[in-house]
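These notes concern the structure reproduced below.
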Amino acid sequence: FEIDLAHRLTFHKWKCFNVHGHRYKIIVELTGDVDWNWMLVDFGDLKYIKERLDENWDHSYIYCNKDEVWKYLTEQWYRTFNMEELEPTAENMSMFLYMHFKDIEPRVSKVIVYETPTAYALFPNNVQ
């Protein structure tokens with residue numbers, strides 16, 4: 001899935017402190033048993049995930065509770081999404097999405113969030 005999203009990092013001491021955006025690529029890895037056709041899932045059944053991303057994150061400003069910018073944006077009727085205490089890093093976004101979608105079937109085994117074509121984070125990170 002691909003979405004456009006703005007954010008800033010309140011703790012950052014350099015460029016990422018400023019409001020900026022990315023074209024995110026989000027990969028949701030699924031695990032389960034295949035059916036008699038050797039299919040794990042009909043891709044049409046994944047519309048639920050895409051709809052949640054589009055409704056809440058696509059073309060939105062995502063922020064944490066420490067961020068004051070969201071107040072102005074909300075007053076101006078901009079779309080915003082609160083990640084509560086989590087700074088909107090790719091690492092936290094992958095964990096947030098995993099926790100949100102982990103109970104659907106087939107089971108979500110991993111979420112990868114690409115912030116750029118070469119920079120990504122994944123959750124859970126089972127690297128030994």
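No value in this document is a laboratory result; all are computed from the given coordinates. Nothing here was measured: the structure is a model prediction, and the numbers come from that model. Neighbour counts run over all protein chains shown; Cβ positions are idealised from the backbone, glycine included.
Its relative contact order, with pairs defined as Cα atoms under 8 Å and 6+ residues apart, puts the chain at 29 percent. Per residue of the chain, the DSSP helices (runs of n ≥ 4 H) give a summed -39500 (n - 2.57) that works out to -6500 deg cm²/dmol at 222 nm. For the chain, the spread of Cα positions along the three principal axes, ordered from largest to smallest, is 53, 37, 25 Å. On a 0 to 90 degree scale, rounded to 10, what angle separates helix 90-101 from the longest Cα axis of the chain? Once rounded, the angle reads 50 degrees.
Sorting the segments 54-60, 66-72 by their residues' average number of neighbouring beta-carbon atoms within 10 angstrom, most packed first, yields 54-60, 66-72. Its Cα centre serving as origin, the chain has a Cβ charge dipole (Lys and Arg +1, Asp and Glu -1) of approximately 520 debye. In this structure, the residue pairs whose Cα-Cα separation is over 21 Å, taken from Lys25/Lys71; Lys71/Lys110; Lys47/Lys110; Lys47/Lys102, are Lys25/Lys71; Lys71/Lys110. Here's how it looks for Leu5: its modeled amide H is under 5 Å from those of His22, Tyr24, His59, which are all 5 or more places away or on a different chain. Tell me which lysines have Cα within less than 20 Å of Lys15's Cα, excluding those fewer than 8 residues away on the same chain? Of all the lysines, those that pass the test against Lys15 - Cα under 20 Å, at least 8 places apart if same chain - are Lys66.
Relative to the dominant Cα principal axis of the chain, helix 47-56 is inclined by about 10°. Using only Cα atoms, locate the centre of segment 4-18 and the centre of segment 50-69, then give the distance between them in Å, rounded to an integer. Using only Cα atoms, the two centres lie 14 Å from each other.
Peptides 74-85, 102-113, ordered by how many other C-beta atoms sit within 10 Å of their residues on average, highest first, read 102-113, 74-85.
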